[in-house]
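The values are calculated or read from the model by the stated rules, or taken from the named source; none is laboratory data. Small disclaimer: the values here were computed from a predicted structure and weren't measured. In this analysis, Cβ positions are derived from the backbone assuming ideal geometry, glycine residues included, and neighbour counts consider all displayed protein chains. All accessible areas refer to the heavy atoms of the entire protein, side chains included, with ligands and DNA or RNA removed. Shrake-Rupley method; radii C 1.70, N 1.55, O 1.52, S 1.80 Å.
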There are 2 protein chains.
Amino acid sequence: MSKLDYKTLLVTDKFEGYEDAEKFKLWVPKIEKYRKDLDAGVLPEYKIDLPKPVDQLIEEQFNPLKYLYDENLLTPTEFEITDISGTELVKRISEGKYSAEEVFKAYAKRGTIAHQFTNCAMELFPEEGLKRAQELDAHFKSTGKTVGPLHGLPISLKEQMNYRGKITHGGYVSKLTNITSEHGLTTQILEDLGAVFYVRTNQPQTLMHLDSNNNITGLSKNPHNLLLSSGGSSSGEGSIVAFGGSSIGVGSDIGGSIRGPSAFSGCHGLRPTTRRVSLVGGVSGGAGQESVPAVAGPMARSIDDIDLWMKHYINDGKPWLNDAWSLPLLWRDVPKPEAKSLTIGVMYDDGYVKPTPPIQRGIKEVVKKLEAAGVKVVEFKPPKILQALDAVHKMYACDGNYMQRKLLAASGEPLVKLTKWSLNYGEGAKQFTVAENRELNMIRDELRTEYTKFLVENKIDFILSPTYNNVAPQSEACYNWSYTALWNILDFPTLVIQTGLYQDPTVDKWDEDHKSYQYRNKVEQLEHEIYDPEKFVGAPIGIQLSGRRYFDEEVVAAGKTIVEIFGTDLFKQY
Amino acid sequence: MSKLDYKTLLVTDKFEGYEDAEKFKLWVPKIEKYRKDLDAGVLPEYKIDLPKPVDQLIEEQFNPLKYLYDENLLTPTEFEITDISGTELVKRISEGKYSAEEVFKAYAKRGTIAHQFTNCAMELFPEEGLKRAQELDAHFKSTGKTVGPLHGLPISLKEQMNYRGKITHGGYVSKLTNITSEHGLTTQILEDLGAVFYVRTNQPQTLMHLDSNNNITGLSKNPHNLLLSSGGSSSGEGSIVAFGGSSIGVGSDIGGSIRGPSAFSGCHGLRPTTRRVSLVGGVSGGAGQESVPAVAGPMARSIDDIDLWMKHYINDGKPWLNDAWSLPLLWRDVPKPEAKSLTIGVMYDDGYVKPTPPIQRGIKEVVKKLEAAGVKVVEFKPPKILQALDAVHKMYACDGNYMQRKLLAASGEPLVKLTKWSLNYGEGAKQFTVAENRELNMIRDELRTEYTKFLVENKIDFILSPTYNNVAPQSEACYNWSYTALWNILDFPTLVIQTGLYQDPTVDKWDEDHKSYQYRNKVEQLEHEIYDPEKFVGAPIGIQLSGRRYFDEEVVAAGKTIVEIFGTDLFKQY
């Protein structure tokens, strides 16, 4: 039997009013200039000589993160600085143990290497970062005080967020002329809190892939296996954070865009409940869409850092003062719960796409660990999953892709593969009426209430689920969003936690039964046919932990307990 | 010059697909039955003999609230019970000073009289209320404890909220067969907290008038002047709460529907920020509409009671456990601010419809009082008011009235005058596309942020504004929503506060300049032509106090300070 081609699943393969080769030609010089500027940001003082050309490393499923350690590409001090949590790092800077400058240089080096291997950056400006770090040091020296609770912390930013004086394109070629005079609100808040910026990271065309391809700087790769995708749409954030090129990264998520890259690339990441982190000041095709709104959130190698970021961003940054969409809901200090106090519902299979062997094994192993630690584990079968997915898919495209078409057609740029896939969500190019949109909202609100009541009535604190039916897929072969998008339509805060487990081709094979497995739908077939144990070597296994709306603090606190139970330490992987 | 007719302002005067006289005939017996049941709820033990037929009282601009006191229609104890705050009342019940039964009877009597004069009720069930009060007393007697913080408090409910075992029609004839087995969530929470129900109150067809007419039980009248409207759409709540027939009432507001009836009828009322009070379980034409969502909120004769209701409803009721739309945002204890600490922006004229003489005078007088008390007062001219009004009007009808048509056409009932007016909001029957709806949302979000920043940057704590360009209008002659709807699109919590001032025909005349006044638009002309000083005698003057989103607590706390400055005491008006 020949494998399913994704094209057979498209509502339409015609994309009228988008591509225009003649128009696009005019933009090519701008792309070339942009790439040249990116290359110029790879400074000699930070870069390394790659062991082989990247194409060859990709083929070999090369693991750059392991290589970093094996070859001691950093000095012991640089390793020390880049392999502690941001929470510990700001403490040490504030105690004068490290200068912001030395911290910056260590991260800039590690981040530059990350980019050389994975193509995670869209813009590198380490000279500005260095200057900023030096200014912070001068301030600290003269006043004896930090400028804020994130003083000196290197934070990477998804490119779609406006950056003062720089181009912000959001993955759209047509926006390569968009230079804003101000930071986006979240960037500004982080800067005010003391963060140091030097890198803006990769994202796919339209921001609607769980992958990374675009016509500006292309694909990002997985830091554990260059054959694989770093995920998306916060694609570059996944690579750079997991590689340790920044202490904390900022992504955004409307269907899995923080969680996909976190799980795939090998870091933790929080998709907060909506309206806690501002997206004001940025490029996206979803402006004004509030049926399933996007939200920004942190990605890091330590759950403490997720907490640190959320706490200071919200409580000190007060985004609601400058963005009426944001809620004045302070970040509460919630203590790490006892394992024995927790009841966790586990979703083994969402009923839409059954997980592949590494995910099946991962879930089983973590359930064992949780139970051994005293957590009460119950099985959770998500109610009305097909209805939820149908509604959320329609929501994504129910403006008939009006805004996407506008942003894409303005340059006539070619549509990359997964853009076609996501433009076909729901009913593709069909413009819904307002009444139809409202019906989707009603379905959504009923689902939210049903799930909430279910958790409350059954005294289930959290749901643990796969992040995706597979580990990191190969580039441009990630189709199913069901595991992540469910939490978007429900708007449940969801934390991706690394299990400390990795795909292992010797054990993660389909079992015999799978030969006679009856696919429940074509997406499942497509996703299952993709899985070849030999092609996903060493991919991290990250799971999701979800809680009720606005109980982000509880989710993060429980995440700390669970990471301890798992024994995951992302600072000591190789 | 002949006066403007409202029909000249309609986008269309054709309403295809609505009315159907033949179909409606089948519903008439259901309406008759419903009215008969309502009449049967006027019990002999509570009713009075009206001094004259209501039609005649209307013509005479009769003041039933003054009559209540002048004629001593209640016993001294009944006056004592019904003329203290709910806050004091629950305290006294919990101390055993009053039984729930005697409290109930006093309110049932006063409420029945309110209904006899104003037609505020849609459903009266005092026998059930009495039984409930007796049960509460029995519980208190046997346990020594109240069932909750609102134990024994008579609370009136806008009819649209589902009530266990009863019809809920929301003003739509087609819903006269809608009997729900459960309370709406807010009703259930109030019941769980100890409230006593015996009356469900009037609202207009479609819930989209600042007035009260419908084909089921007709108009509600103003308790200070029967010629005037009680406002709407929480029409009956305005009458019954201002008259003292319930201690606290529950209304809902999408364009002014709590604030109009509060201001017009003579009580205080809070339109909270959205998502703090649940509307789950009820009838409305706005389901799934979230561009400018409706919100429920309390109406009362004391600001303390607004605070009491919000605090216990939110903190004890926890609506988010059963409604994922509601935010787990606890009600904060905010102390009453010092007058001297306040900076208040005053909107004298919104730039769309200039206020009539009583409102002009009211604002001037309260500004004097505020300044005398040490409040810093600055003028506030609302930015982009026309853009805001254009957007909010479009939002109301941007489903092309699909849902309204569905609900109205199901019975074929005749469209009452102000239904035609509101069906013409925005672009009337035009179905907007999702993309167009999203553009409206973007405009809204920019406005919200602009207003928020303006307040923050100018250190303005609150905005004080008229509730409407006039005092309570005559029935079915309330067209302009600009003063209230602005705060809906901004989603700023807004408290209507009674100034303790009333229209006075001897002073509230147009000044000479008004003869040469150039109307800025036709709605202004229509509204100004309506104002004849002799026809609004004694109408209360209520103003609005607005604060930033989710600063409901601060608005209510400042409201207490301001009421003290005004010297308003709604328990001692006549």
Flag if B:Asn322 is open to solvent by 20 Å² or more (accessible area, probe 1.4 Å), modelled with pLDDT of 95 or more and within 30 Å of A:Glu450 (Cβ to Cβ): no
Members of segment A:130-173 found to be under 25 Å from the mean Cα position of the chain (by Cα), closer than 20 Å to A:Gly86 by Cβ and surrounded by fewer than 24 Cβ atoms within 10 Å (Cβ to Cβ), listed by number: A:Pro149, A:His151
Inter-residue pairs, beta-carbon under 8 Å, first farther than 19 Å from A:Gly249 by Cβ and free of Cβ contacts under 8 Å to residues at least 40 places away in the same chain and in segment A:90-114, second aromatic (Phe, Trp, Tyr) and part of a loop (DSSP other than H, G, I, E, B), 6+ apart: A:Arg92/A:Tyr98
Inter-residue pairs, beta-carbon under 9 Å, first closer than 16 Å to B:Ile258 by Cα and away from chain A (no Cβ under 14 Å) and in segment B:535-563, second among the β-branched types (Val, Ile, Thr) and open to solvent by 20 Å² or more (accessible area, probe 1.4 Å), 6+ apart: B:Val556/B:Val334
Flag if A:Asn222 is open to solvent by 10 Å² or more (accessible area, probe 1.4 Å) and either away from every other protein chain (no Cβ under 14 Å) or hydrophobic (A, V, I, L, M, F, W, C) (or both): no
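Quick grid of which residues meet (1) in contact with a Gly (Cβ under 9 Å, 6 or more places away or on another chain); (2) farther than 19 Å from A:Pro298 by Cα:
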residue	(1), (2)
A:Thr506	no, yes
A:Asp511	no, yes
A:Leu545	yes, no
A:Phe551	no, no
A:Gln573	yes, yes
Candidates B:Lys354, B:Lys376, B:Lys311, B:Lys369 - the one that is without any contact (Cβ under 8 Å) to a residue 24 or more places away in the chain and more than 14 Å from chain A (Cβ to nearest Cβ): B:Lys311
Breaking point among (1) farther than 25 Å from A:Ser220 by Cβ; (2) crowded, with 24+ Cβ neighbours inside 10 Å, for A:Val103: (1)
Any hit, segment A:251-272, residues being within 14 Å of another protein chain (Cβ to nearest Cβ) and either of a type in the set (Asp, Glu) or over 11 Å from the mean Cα position of the chain (by Cα) (or both): yes
Only one of B:Asp508, B:Asp569 that is open to solvent by 10 Å² or more (accessible area, probe 1.4 Å), away from chain A (no Cβ under 14 Å) and out of contact with any Leu (no Cβ under 8 Å at 6 or more places or on another chain): B:Asp569
Selection count, segment B:400-434, where residues are outside any loop (DSSP other than H, G, I, E, B) and either aliphatic (A, V, I, L, M) or within 26 Å of the chain's Cα centre (by Cα) (or both): 16
Residue tally, condition open to solvent by 60 Å² or more (accessible area, probe 1.4 Å) and assigned to a helix (DSSP H, G or I), over segment A:1-42: 16
So B:Ile81, is it of a type in the set (Val, Ile, Thr), farther than 30 Å from B:Ala429 by Cβ and either open to solvent by 90 Å² or more (accessible area, probe 1.4 Å) or not in a loop (DSSP other than H, G, I, E, B) (or both): yes
Pairs where the first residue, in segment A:430-444, is more than 7 Å from chain B (Cβ to nearest Cβ) and the second is of a type in the set (S, T, N, Q) and open to solvent by 20 Å² or more (accessible area, probe 1.4 Å), C-beta under 9 Å, 6+ apart: A:Ile443/A:Gln387
Residue satisfying all of: in segment A:333-354; among the charged types (D, E, K, R) and not in a helix (DSSP H, G or I); least open to solvent (accessible area, probe 1.4 Å) among these: A:Asp350
Filtered residues of segment B:231-275 (kept if basic (Lys, Arg) and open to solvent by less than 10 Å² (accessible area, probe 1.4 Å)): B:Arg259, B:Arg271
Where B:Leu330 falls short, out of the listed (1) open to solvent by less than 50 Å² (accessible area, probe 1.4 Å); (2) among the aliphatic types (A, V, I, L, M); (3) within 14 Å of another protein chain (Cβ to nearest Cβ): (1)
Some residue of segment B:295-304 being of a type in the set (D, E, K, R) and touching a residue at least 40 places away in the same chain (Cβ under 8 Å): yes
A:Tyr98, sole failed condition from (1) part of a helix (DSSP H, G or I); (2) of a type in the set (Ser, Thr, Tyr); (3) over 19 Å from A:Ser156 (Cα atoms): (1)
Unique residue being at pLDDT 95 or above, closer than 26 Å to A:Leu526 by Cα and open to solvent by 100 Å² or more (accessible area, probe 1.4 Å) when the list is A:Glu45, A:Glu59: A:Glu59
Filtered residues of segment A:62-78 (kept if part of a helix (DSSP H, G or I) and either under 19 Å from A:Gly266 (Cα atoms) or open to solvent by less than 60 Å² (accessible area, probe 1.4 Å) (or both)): A:Pro64, A:Leu65, A:Lys66, A:Tyr67, A:Leu68, A:Tyr69, A:Asp70, A:Glu78
Filter pass, B:Leu501 being open to solvent by less than 10 Å² (accessible area, probe 1.4 Å) and either farther than 21 Å from B:Pro272 by Cα or of a type in the set (A, V, I, L, M, F, W, C) (or both): no
Any hit, segment A:397-405, residues being within 14 Å of another protein chain (Cβ to nearest Cβ) and either on the phi > 0 side of the Ramachandran plot or touching a Pro at 6+ places or on another chain (Cβ under 6 Å) (or both): yes
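To keep it simple, each residue is scored yes or no on (1) small (Gly, Ala, Ser); (2) more than 14 Å from A:Leu157 (Cα to Cα); (3) at pLDDT 95 or above.
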site	(1), (2), (3)
A:Gln203	no, no, yes
A:Met208	no, yes, yes
A:Asp211	no, yes, yes
A:Asn222	no, yes, yes
A:Gly231	yes, yes, yes
A:Ser234	yes, no, yes
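To keep it simple, each residue is scored yes or no on (1) open to solvent by 50 Å² or more (accessible area, probe 1.4 Å); (2) more than 30 Å from B:Ala339 (Cβ to Cβ).
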| residue | (1), (2) |
| --- | --- |
| B:Lys364 | yes, no |
| B:Lys368 | yes, no |
| B:Glu371 | yes, no |
| B:Lys406 | yes, yes |
| B:Thr419 | no, yes |
